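**Q** The structure is given below, and queries will be raised subsequently.
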């Protein structure tokens, strides 16, 4: 979607027209299409979407972790004004180490099992982003007393900041000796070690159980308050998005279908999908059971014509099947991609109440015919 | 590219036909598998048709023609002649026959025995399992060649005894493999369903569990064919396998060592022939392994 | 590190295997045709002498009794007398074992030292020319009979190129001057400061060890390559790249340590394989090791030697596996944990 929000002054990250496709066994999968997003200095921006909508692929494209065949990436990703996609690999690696920090999704599998935590993290301090010239240089730096202990001091410092219990003990342990919560903290620490300007967090805490998840989120909240970092977060959990973000992008089927400030998204959602998501959040005050949006994410090797959401949309009609939905802007910061909002369209504009009604009716008839 | 987090889920489960097609593609995508299949198929065909295909079938037995001894490769004798004047190409073809016979017999005995014992051990568990496994461990504690040597030397060294010696060890690997597979299948739903339905243990072992173990077994048999042939050739080389004047490939190499390096063809061609056959089995086995997507302990 | 609790079951397993082995081997040796006593005394001995020696050797006792007698002797280091050489079997074995061990150890070094780097480089250049060439090489190495490759090496590198000697452990000009301390030529020459002898010992080792290593090398290459490829796809490797670490550093430090584990697992099996393959190589290269002695024991029905040799090989094999298990424990912390929780 070509978003219309005014690009923040001097954005840390500006993604423009990003598209990603994969060569696969069954054909070419057109996954990410025309994604625009930006993150300003000190902003917390979240991409929200269900599993399979392409949010992880987007972040991997930004950090350059997709293997180029079979992936095909096009568009521009500007970090501090430099396009990452057209940069040579070594410069890109340098940025990954220093300017951009990434917190990976699954803490249990994202740490190397055969190295002690301290070893891995200290290596990130010494060699993340500044690679040694060769094996001899590596050995020299690794085994230099002063350099190594400086690195380890830094690790200890950050581990304390992420509220790791017993940082010293953790550094001497192997990842499988640590709990899930501790591993997640270690991952966050690893992203912060080199003082990044931009932190990218992929479903932080999702793989852990609820109480730990909460603790991690409050940790992130503290970190956000303490530092002047920009954060790009991914989640499928609306509650998390609401709690931590300044702005939100809603992603579906590889496209950004709605964007706006947190308040705008939650108070005045425009796209039927967003409304459906909000409608299906369980509420304690409601009597009715929340209905979900039936159906599943599109098959990327053979996506639907026109709007990618139309097979599941309660407002879909012929116009939705035949044309790509245009982008409509609302105010300074919000926009959405839906045929119903096009000035020439005749159908009703989606509202929360109407969407809820239509979804309930649809799930009712599904239950009846089952 | 991380397979865990960046591959998108597929929501369509592939049809049976598609699965077969994919397996077939996995095999044919590797040129080496096809080469292996061609080699093995070709050699088996030639060996079976040996009396028809070989240029000098009479040279297989006790034939001597000293006038033509130690002739270098020529049009008459593409692989040359050996120390008593026999055509090497003919003897290599018949040698392939013996090697394939060895492999077929050893595996024909060792595999069923091993698989049966493995099934019993894996499915029954308990002390039966422990007893059978102790026995296999004992046999596995020695390199096959050493024990085969010891056994082969108890009687007159001949091909048949060598077969017996090698087969008597070979079942252990299959027992181990099958036992592992059977033990892991024991708690599967289809097994428990059969138990509930009152099927006999034999039925469950043979008709339920065994078919699910076939793929890894097939891969291992193919790869083992090569190893058995190598072991047999080594025994013949030492003098404990095929005895002259029978055209055992290892025996031929041993006899030719006296004439190195000037009349190199007497040793080199039979040796190379062994290499080609084993290479074929290895490539074929590897292709099968890719096709069935299996991990086999070697 | 490894606890006693983990060691005990393994040790007892070892002992049981060895006991079972001794029973099998002993039985076989007594079943061999030919009267050992007659072989010892020679064809010209009289009936009474043979009968006397037979009784003395305890060959008339029932088998289990003979076995117990033998085990008793084993515990005090008496393995009987070698019928072909008249020397105590233990002495013969101790004299010849180092030669075989030296050969096998150098072969293992070749296997790992050449095989692992080739596998790693092949994995890093996946799909390229190097990868395919290495693959073909690995397949070929596994398929070639060890006696054949030994002979080919002798012909090419020995006769035609004359780069290396093709028999024995030491050339004539050195063999008199080098005294025997440990039996390991490489060590003994160094201990005496005989640099020329040392180089010569290496020269004699190259061809047989290389020929012996071929089969295992092929397997090491393939396993290393495929586990490197496996590990490259793991989340934690992707994470390392995400932190901006250089590609070669990620491969050689972070991937390799993980990928080496499967290789290490098969090294124990490979050692056994090498023990078997050493027989052939020792014969082809005239290497005066245990294997050659073992084959001759079989051919001459030297029962004491036969049992001694096979037991020795069994012990070496079991010990090696034990050591490999220890190293595995040390490298892979996950195994330790499993052991503690078991």
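Only the coordinates and a few stated rules stand behind these numbers; no lab work does. Note that this is a predicted model, so its numbers are computed, not measured. Every residue, glycine among them, receives a Cβ derived from its backbone with ideal geometry; neighbour counts consider all protein chains shown.
**Q** Kirkwood hydrodynamic radius (Cα pairs, Å) of chain A?
**A** Hydrodynamic radius (Kirkwood, Cα only) of chain A equals 22.1 Å.
**Q** Rounded, prolate or oblate: which one fits the protein assembly as shown, using the alpha carbon gyration tensor with axes a ≥ b ≥ c (rounded when a/c is under 1.5, else prolate when a/b beats b/c, else oblate)?
**A** Since a/c reaches 1.5 and a/b is larger than b/c, the shape of the protein assembly as shown is classed as prolate.
**Q** On to the next question. By how many degrees, between 0 and 90 and to the nearest 10, does the Cα long axis of helix A:352-369 differ from the longest principal axis of chain A?
**A** Compared with the principal axis, the helix lies near 80 degrees.
**Q** Shifting gears a bit: Treat each spin label as a single point 7 Å out from the Cα along the C-beta direction, and report the residue C:71 to residue C:15 distance in nm.
**A** 1.1
**Q** Continuing with the same structure: Round to the nearest 10 and give me the degree value, 0 to 90, for the angle of helix A:89-98's Cα axis relative to the longest principal axis of chain A.
**A** So the helix axis and the longest Cα principal axis differ by about 80 degrees.
**Q** So how far apart, in nm, are the two label points at residue A:346 and residue C:226 if each is 7 Å from Cα heading toward Cβ?
**A** 6.3
**Q** How far apart, in nm, are two points set 7 Å out from the Cα along the Cα-to-Cβ line at residue A:321 and at residue C:261?
**A** Distance between the two pseudo-spin positions: 5.3 nm.
**Q** Using the beta-carbon distance between residue A:82 and residue A:25 and R0 = 41 Å, what value does 1/(1 + (r/R0)^6) give for FRET efficiency, to the nearest 0.05?
**A** 0.70
**Q** Which of the three applies to segment A:150-212, rounded, prolate or oblate, going by the alpha-carbon gyration tensor with a ≥ b ≥ c and a/c under 1.5 meaning rounded?
**A** The shape class here is oblate.
**Q** Let me ask something else. Please compute the average number of Cβ atoms from other chains found within 10 Å of each residue's Cβ in peptide B:233-244.
**A** So the per-residue partner count for this stretch is 3.
**Q** Between the helical axis of A:210-226 and the dominant principal axis of chain A, each derived from Cα atoms, what acute angle in degrees is found, rounded to the nearest 10?
**A** Computed tilt is about 70 degrees.
**Q** Using Cα pairs closer than 8 Å and at least 6 residues apart in sequence, work out the relative contact order for chain A, in percent.
**A** 21
**Q** Using packing as a proxy for protection, rank A:300-306, B:171-177 so that the peptide with the highest average count of other Cβ atoms within 10 Å comes first.
**A** Ranking, from highest mean packing down: B:171-177, A:300-306.
**Q** Related question: Please label the shape of segment A:1-122 as rounded, prolate or oblate, based on the square roots a ≥ b ≥ c of the eigenvalues of the alpha-carbon gyration tensor (a/c under 1.5 means rounded; beyond that, a/b larger than b/c means prolate, else oblate).
**A** It comes out oblate by the Cα gyration axes.
**Q** Can you quote the Å³ per residue value for the convex hull of the Cα atoms in segment C:194-342, rounded to an integer?
**A** Enclosed volume per residue, from the Cα hull, is 175 Å³.
**Q** What order do you get for C:277-286, C:198-207, C:309-318, B:190-199 when each peptide is scored by the mean count of other beta carbon atoms within 10 Å, highest first?
**A** Descending packing order for the listed peptides: C:277-286, C:309-318, C:198-207, B:190-199.
**Q** Considering every residue in B:249-259, what mean count of other chain Cβ atoms within 10 Å of its Cβ is obtained?
**A** 2
**Q** If you don't mind, another one. Could you tell me what percent of the DSSP beta bridges with both partners in the protein assembly as shown are antiparallel, to the nearest 5?
**A** If I count the DSSP bridges inside the protein assembly as shown, around 65 percent turn out antiparallel.
**Q** Report the full-extension gain for the segment residue A:263 to residue A:172: residue separation times 0.36 nm, less the Cα-Cα distance, to one decimal in nm.
**A** Taking 0.36 nm per residue and subtracting the Cα distance, the gain is 28.3 nm.
**Q** Based on the mean of other Cβ atoms within 10 Å per residue, sort peptides B:24-34, A:222-232, B:90-100 so the most packed one is first.
**A** Those peptides, ordered most packed to least, come out B:90-100, A:222-232, B:24-34.
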